[in-house]
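This report concerns only the one structure given below.
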Amino acid sequence: MDLSLFYLFGALTVAASFFVIAQRNPMHSVILLIASFIGLAGLYVLLDAPFTAVTQIIVYAGAIMVLFLFVVMLLNAPREDPPVVDPRRPLLSAGPRRIGGVLSLVFLAEIVWAFSRVPTTAMNDAPGIGDRVSSVAAIGLEIFTTHTFAFEATSVLILVAMVGAVVLARKNL
Amino acid sequence: MPTLNHFLVLSGLLFAIGTAGVFLRRNLITILLSIEIMLNAVNLTFVAVGRHLGTVDGQIITFFVMTVAAAEAAVGLAIVIQLFRLRESLNPDAFTSLKW
């Protein structure tokens, strides 16, 4: 039951992420990434993390992706530009660019190899572990006691990012 | 019941897809989206390992990563808007004036 749900959500996530980078229209990429995040939220529910799942939907699929959608619509550039053909810059032509594809395949092979060396570990099934991990009260307690400094630093970071975004996006910088 | 390895392999796949996007796409917005995919792959690892160890620390780190991702998206998109105003292009190859 859980395993089939895992494969369902995992397939949704991987397929949507793959098509984010496999097609050219940025608008479709953003919509597909939202689908991928919904699959990830399902995986978080399987991992007894309902708080993270809800945050994933609200913050990622809701706020960040809407920001991306706004920018895609604002810039109105539905097509990817054709590659630059400049004889003075041979490294930008199509041939060397394939090295990027080879590099990402090498990276994929390396990750698969690394994970195949990890011994198979069943999820910890100690009684009560699911309740302990999924408790929102426990998360809040940890954030506001042990990780208070990180939390406050994050609020400063958000403030800096907000001011930075406003300043950077002004008409005449 | 899926094992820990299931989740690790899945997040490895997602991370590889994200890096492939950064390497292969010629669109600044798609590159930012690929970075989001990579951040989410790492989040999945954190939550899975946190669940395995029976602590909420993985979810807390995920929470902070999400905030940083939001800040990164806001500033990154502002820079993308400014670059688009400058060159009328989203192609990263159009912005090579700092390149030797």
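List the residue pairs whose Cβ atoms are under 8 Å apart, where the first residue sits in region A:19-33 and is over 19 Å from B:Leu13 (Cβ atoms) and at the interface with chain B (Cβ under 7 Å from one of its Cβ atoms), the second is in a helix (DSSP H, G or I) and among the hydroxyl-bearing types (Ser, Thr, Tyr), and the two are 6 or more positions apart or on different chains.
Within 8 Å, the pairs are A:Pro26/B:Thr30.
What are the residues in region B:8-27 that are more than 7 Å from chain A (Cβ to nearest Cβ) and either among the hydroxyl-bearing types (Ser, Thr, Tyr) or touching a Gly at 6+ places or on another chain (Cβ under 9 Å) (or both), if any?
Scanning region B:8-27 gives B:Ser11, B:Val22.
Evaluate the following for B:Ala41: is it over 15 Å from A:Val71 (Cα atoms), part of a helix (DSSP H, G or I), of a type in the set (A, V, I, L, M, F, W, C) and in contact with a Leu (Cβ under 6 Å, 6 or more places away or on another chain)?
yes
In this structure, does B:Ser89 turn out to be at the interface with chain A (Cβ under 7 Å from one of its Cβ atoms) and either part of a loop (DSSP other than H, G, I, E, B) or among the charged types (D, E, K, R) (or both)?
Here the answer is yes, as B:Ser89 does meet what is asked.
From (1) in contact with a Ser or Thr (Cβ under 6 Å, 6 or more places away or on another chain); (2) without any contact (Cβ under 8 Å) to a residue 24 or more places away in the chain, pick out the condition that doesn't hold for B:Ile61.
Only one criterion is unmet by B:Ile61, namely (1).
Do you know which residues across region A:128-173 are in contact with a helix residue (DSSP H, G or I) (Cβ under 8 Å, 6 or more places away or on another chain) and outside any helix (DSSP H, G or I)?
A:His147, A:Ala169, A:Leu173
Answer with yes or no whether A:Leu47 is touching a Lys or Arg at 6+ places or on another chain (Cβ under 6 Å) and either at pLDDT 80 or above or under 27 Å from B:Val49 (Cα atoms) (or both).
So A:Leu47 fits the description; yes.
Within region B:28-52, how many residues are at the interface with another protein chain (Cβ under 7 Å from one of its Cβ atoms) and surrounded by fewer than 22 Cβ atoms within 10 Å (Cβ to Cβ)?
Residues flagged as at the interface with another protein chain (Cβ under 7 Å from one of its Cβ atoms) and surrounded by fewer than 22 Cβ atoms within 10 Å (Cβ to Cβ) within region B:28-52 amount to 1.
Results for (1) more than 22 Å from A:Ala165 (Cβ to Cβ); (2) at pLDDT 95 or above; (3) of a type in the set (Val, Ile, Thr), shown as yes or no for each residue.
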| site | (1), (2), (3) |
| --- | --- |
| B:Pro2 | yes, no, no |
| B:Leu10 | yes, no, no |
| B:Leu14 | yes, no, no |
| B:Leu24 | yes, no, no |
| B:Asn27 | no, no, no |
| B:Ile31 | no, no, yes |
| B:Ala48 | yes, no, no |
| B:Leu53 | yes, no, no |
| B:Thr67 | no, no, yes |
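For A:Leu32, are the conditions met, namely being modelled with pLDDT of 90 or more, crowded, with 16+ Cβ neighbours inside 10 Å and over 20 Å from B:Ile31 (Cα atoms)?
Here the answer is no, as A:Leu32 does not meet what is asked.
Identify, please: which residue in region A:15-29 is aliphatic (A, V, I, L, M) and surrounded by 17 or more Cβ atoms within 10 Å (Cβ to Cβ) and is, among those, nearest to A:Asp131 (Cα to Cα)?
Going through the qualifying residues, I end up with A:Ala16.
Does B:Ile61 count as within 7 Å of another protein chain (Cβ to nearest Cβ) and either part of a helix (DSSP H, G or I) or touching a Lys or Arg at 6+ places or on another chain (Cβ under 8 Å) (or both)?
Here the answer is no, as B:Ile61 does not meet what is asked.
Have a look at A:Ser135, A:Ser104 and point out the one that is at pLDDT 80 or above, under 22 Å from B:Pro2 (Cα atoms) and within 25 Å of the chain's Cα centre (by Cα).
A:Ser135
The values are calculated or read from the model by the stated rules, or taken from the named source; none is laboratory data. Computed from a predicted model, the values in this text were never measured in an experiment. In this analysis, Cβ positions are derived from the backbone assuming ideal geometry, glycine residues included, and neighbour counts consider all displayed protein chains.
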